[in-house]
Amino acid sequence: MVADGGLSDLKIVELGNFISAAFCAKLMGDLGAEVIKLEEPGRGDDARRYGPFCKDVPDPEASGLFLYLNTNKLGVTLNVKSATGKKVLLELLKDADIFVHNKSPKEMEELGLTYDVVKEVNPRLIMTSITYFGQYGPYRDYKGSDLIALSMGGVAYGTPIMVEEPEKSGPLKGGGHQADFTTAAAAATSTMMAVFHRMLTDEGQHVDISSMDVIAALLRPATANYFYGKMAGDRTPASRTGLGTSIYQTTDGFASFGASNDGHWLNLVKAMGEPEWATNPLFGTREGRAEFGDALKGMVADWASAYPKKELYTHLQSHHVPSFPVNKIDEVVASEHLDDRGFFVEVDHPKTGKVKYPGYSARYSEPIWGIRSPAPFLGQHNEEVLSKRLGYTKEELVQMRQLGVI
Amino acid sequence: MGRLPLEGIRVADFTWALSGPYALQWLSVMGAEVIRIESTLRPDILRTNPFAATGVEAGLNQAAGYNCLNYAKKGCTINLQTAKGKELAKRIVLKSDVVTDSFAHGVMERYGLGYEQLRKMKPEIIVFSKNTMGAYGREKHLFGWGTAVISYAGLASITGYEDDGLPQMMGGTWPDYTIGTYSPFAILAAIYHKKKTGQGMYVDYSMCEGVLTMIPEAVLEYTMNGRVTGPQGNKEELMAPHGTYRCMGDDKWVAIAVASDGEWKQLCKVTGHDDWLREEKYADLYGRQTSRHELDRLIGEWTKERTVREVTELLQSAGVAAGPVQNSDEVATDPHLIAREQFIEIVHPETGSKPMPVLPVKLSKVPHPNYVSAPLIGEHNDYVFGELLGMSGQEIVQLMEENVIV
């Protein structure tokens, strides 16, 4: 890691719980920024109680989700509800570049930690507030969650992309916490915008990120279509005409492929050994394929079901038809391709030993990304941060601990 | 008007379709000059989207999808199959800070625009190359739409109903726009590094890996415990009841997420179900999680007699997370999103003024980001070839006649 590279001159204070603020800070920390993560004394981040737990022992120091989300961070416990705790937080913010949190607007008002307060302490500070509904608007004080954001933002309605009996099959969230992670990504991208703005103007600012906004923005072509006069389809197969990407059963699992445009359709019929389909009056044209999509899909499904998935997607790829295996988690972790790329990184943590984590989605030609330290134990860096940086004495720390401040 | 965070940064953009253009839109709206290199010979597939503002055959400038993903950018047209075209593209690139592409492996190299070729001419160049599987590794050639990438990455295998165990794809053409939200951060980190150190770099971005960094729960469940997570339905470890429930009306659903015992009591109270409250097995999370299918049925019977709005308001007023499952039309007309100005009118020379989805971020010091309409095909040819490259009108006309600028 180059000393002055990546984001190594940025200092972040994170008052995060669960995923969104923590992942936002992790993205920056893994690129070199210093992250001080504040947790509630005695209890800690909810992610510590989420799991998966190493060897199924529910130890708050061995939650896989927490360990992944909090690499490269200094862990400090601080009761920000106490006057002293708040004072310590403001001292930390005085010297920070970025303050990222995911408490609701109401909670931050009650804590007296609004942007108006923190900017008095440090006008160059960038405060990134991640919430489900943002800092204003009629639903500001609604309670949210990953599922609620995906639902109100429009993604759950289309998950799965179609169902045979809509009245029986309810809309779904995606696996894991896709709204929370995507919101974190939007927050990291937006926080960097504020960093660039500060390079030009030397002023900090308030970054307002709402999960519902972020998820709704993912539907941009669909919402733009609405304003252009085209209504949304329903969830039935009938509204998904043609041969868009679908998941097909194979002899040993599933593969996904599709042939939505003419070129890929011609390639597909060749790959299937049915070249005369290309000139078949029923589905030789795009319109025909839309109209007889169901029947066509059935025939394609019959064909696909006779092959193992690897043979199927390799064969289709060799005919230039977009196709992938549907990997289960063990298969993707064992992927030789991802191994070639060194994607999974092994992180050594005292409680778990070496464990493979997902790495990063970009490979930089300069060595700016890396896991320098595993996630902290609860309060692991209290002394380092509060004594060495803020100058509190050992005696003061003991007292703060006794009185529940740290 | 104020300064925009990324002013002074120029991007030569060769991406197309969905995730690349959304990623670059984050940069263009925040002040970067993003120049799309296009061609009438092979227009962006979204320009030819059959649905357009006029509802009839509408040329290359009226597709909602293209216009909502490319506003705030400039566009020029070059035939990259010609030697002169490649030379023009190279000249634009050499005047830019960042080059972006989403081509199949090796295409930029064939154009003479690969990172190794460019950095010999301009060492401080940043090249961001986004691909389904990344730029190296044994399956780097696998190609396909983003929607199929979630198959390879394992997200499809953990999305779907618990009872049938079938893998499913997600709504909103997931993960294209999630990657479009996430990948600008990777570019911004590289630009930041360059501003600090003067060094350029190559950014090899894999969509598949982007998805994997957002499902650590399932990955670590396997790497720590050897357990393969399957489709999770709407199950959420620390919440129950948790799901989508049928309401009055045609395919109307409400999402409900109960996070604590206190919220459960509130839910029982406002629904008038003292019987649920008295049931001991529902009193704590463990019990509610164990009986979640039974609870889902009971709650569904209560919601189906009510409207989505009624359930949402009743539960939210009691401090329980709930919200409508909205389709894209409902998202486009949602009062909260409207109050947060998530759709603003952008005047387009051919379609007139239309509301467009904006970037989902509120920066307090950037009240007026760059929202101008998407480029008509070749709209900025004079600017790019004349002003930027310093070519005479005669030279430009000559190259148009030679089918180079086309």
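We did not get these values from a lab; they are worked out from the coordinates using the rules stated. Fair warning: this is a prediction, and the values are worked out from it, not measured in the lab. Don't worry about glycine lacking a Cβ; one is built from the backbone with ideal geometry, like all the others, and counts go over all protein chains shown.
Mind checking the angle between helix A:262-271 and chain A's longest principal axis? C-alpha axes, 0 to 90 degrees, to the nearest 10.
So the helix axis and the longest Cα principal axis differ by about 70 degrees.
I'd like the Karplus ³J(HN,Hα) series for segment B:325-332: coefficients 6.51, -1.76, 1.60, θ = phi - 60°, whole numbers in Hz, and an x wherever there's a Gly or Pro.
Each residue of segment B:325-332 in turn: 7, 9, 8, 5, 5, 5, 4, 5 Hz.
Of B:Trp174, B:Ala153, B:Ile187, whose Cα points farthest to the positive end of the dipole of segment B:101-188 (charges on the beta-carbon: +1 Lys, Arg; -1 Asp, Glu; origin at the Cα centre)?
About the Cα centre, the residue reaching furthest to the positive side is B:Ile187.
Please work out the Cα center distance from segment A:263-308 to segment A:106-173, rounded to the nearest Å.
Cα centroid of segment A:263-308 versus Cα centroid of segment A:106-173: 43 Å apart.
In degrees from 0 to 90, rounded to the nearest 10, what is the angle of the helix B:261-271 Cα long axis to the longest principal axis of chain B?
Computed tilt is about 80 degrees.
Between B:Ala321 and residues 5 or more places away or on another chain, which pairs have amide H atoms under 5 Å apart, with H built 1.01 Å from N, and which residues are they?
Under 5 Å from the amide H of B:Ala321: B:Ala257, B:Ala259.
Given N residues in segment B:295-405, what is Rg(Cα) / (2.2 N^0.38 Å)?
1.87
Work out the mean other chain Cβ neighbour count within 10 Å for the residues of A:207-215 and drop it here as an integer.
Mean shielding count: 6.
Residue by residue through segment B:366-382, which ³J(HN,Hα) values in whole Hz follow from phi under the Karplus form 6.51 cos²θ - 1.76 cosθ + 1.60 (θ = phi - 60°), with glycine and proline marked x?
Calculated HN-Hα couplings, in order: 10, x, 10, x, 7, 9, 10, 5, 4, x, 5, 4, x, 4, 9, 4, 5 Hz.
Compute the FRET efficiency between A:Ala334 and B:Arg227 as 1/(1 + (r/R0)^6), taking r as their Cβ-Cβ distance and R0 = 25 Å, and round to the nearest 0.05.
0.95
Need the C-alpha centroid separation for segment A:79-101 versus segment A:1-48, integer Å.
If we compute the Cα centre of each part, the gap is 14 Å.
Translational D (Stokes-Einstein, µm²/s) of the protein assembly as shown at 10 °C and 1.306 mPa s when Rh comes from the Kirkwood sum over C-alpha pairs?
58
Which order do the peptides A:287-299, B:106-118 take when ranked by the mean count of other beta-carbon atoms within 10 Å per residue, highest first?
My ranking of the peptides, most packed first, is B:106-118, A:287-299.
Which part of segment B:58-82 falls in the paramagnetic zone of B:Arg42, meaning amide N under 20 Å from the point 7 Å along Cα-to-beta-carbon?
B:60-61, B:66, B:75-82
Along the Cα→Cβ direction, 7 angstrom out, place labels at A:Asp9 and B:Glu387. What is the inter-label distance in nm?
It works out to 3.2 nm between the two label points.
In the neighborhood of B:Leu376, defined by Cβ-to-Cβ distances under 14 Å, what is the net charge if each Lys or Arg adds +1 and each Asp or Glu adds -1?
Net charge in that neighbourhood comes out at -1.
Got a sec? Which residues in segment B:304-346 would a label at B:Met248 touch, if it sits 7 Å along Cα→Cβ and we count backbone N under 18 Å?
B:304-316, B:323-325
Quick one: Karplus J couplings for segment A:233-238, per residue in order, coefficients 6.51, -1.76, 1.60, θ = phi - 60°, nearest Hz, x for Gly and Pro?
So the Karplus estimates, Gly and Pro as x, are x, 8, 9, 7, x, 4 Hz.
Report the net charge of residues surrounding B:Thr290, where surrounding means a beta-carbon distance below 13 angstrom and charges are Lys +1, Arg +1, Asp -1, Glu -1.
Summing Lys/Arg as +1 and Asp/Glu as -1 gives -2.
How many percent of all Cα-Cα pairs in chain B sit more than 40 Å apart?
Pairs farther apart than 40 Å: 30 percent.
Residues with amide H under 5 Å of A:His349's amide H, sequence separation 5 or more or different chain, H placed in the peptide plane at 1.01 Å from N; which?
The answer is A:Lys354, A:Val355.
Based on the alpha carbon coordinates of segment B:32-159, what radius of gyration and maximum Cα-Cα distance (Dmax) apply, in Å?
16.9, 49
At what distance in nm do the modelled label points of A:Ser387 and A:Ala290 sit from each other, each positioned 7 Å from its Cα along Cα→Cβ?
7.2
Sort out for me the Cα centre separation of segment B:283-318 from segment A:354-374, rounded to whole Å.
First find each Cα centre; the distance between them is then 42 Å.
Based solely on its DSSP helices, what 222 nm [θ] is calculated for chain B when runs of n ≥ 4 H residues each add -39,500 (n - 2.57) and the sum is averaged over all residues, nearest 500 deg cm²/dmol?
Theoretical 222 nm ellipticity from helices: -10000 deg cm²/dmol.
Using label points projected 7 Å from each Cα along Cα→Cβ, tell me how many nm separate B:Lys84 and B:Glu313, to one decimal.
Those two pseudo-labels are separated by 6.7 nm.
At q = 0.12, 0.22, 0.24 Å⁻¹, what is the base-10 log of I(q)/I(0) for segment B:242-327 according to the Debye formula with one equal point scatterer per Cα and no solvent? Please give it to two decimals.
-0.31, -1.05, -1.25
With an 8 Å cut-off on Cα pairs and a minimum separation of 6 or more residues, tell me the relative contact order of chain B in percent.
RCO, chain B: 20 percent.
Around A:Gly404, what is the net charge, scoring Lys/Arg as +1 and Asp/Glu as -1 over all other residues with Cβ under 15 Å from its Cβ?
That works out to +2.
Per residue of A:129-138, how many C-beta atoms from partner chains lie within 10 Å of its own C-beta, taken as a mean?
4
Within a 10 angstrom radius of each residue's Cβ in A:257-263, how many Cβ atoms of other chains show up on average? Whole number is fine.
2
How much of the calculated P(r) for segment A:4-106 lies past 18 Å, in percent of all Cα pairs?
Cα-Cα pairs of segment A:4-106 separated by over 18 Å account for 47 percent.
Reported to two decimal places, what Rg/Rh ratio describes chain A when computed on Cα atoms with Rh from the Kirkwood expression?
Ratio value, two decimals: 1.05.
Could you give the angle, 0 to 90 degrees to the nearest 10, between helix B:216-225's Cα long axis and the longest principal axis of the Cα atoms of chain B?
70
Which values, in whole Å and largest first, are the semi-axes of the equivalent ellipsoid of segment A:55-190 obtained as the square root of 5 times each eigenvalue of the Cα gyration tensor?
Square roots of five times the eigenvalues give 34, 21, 13 Å.
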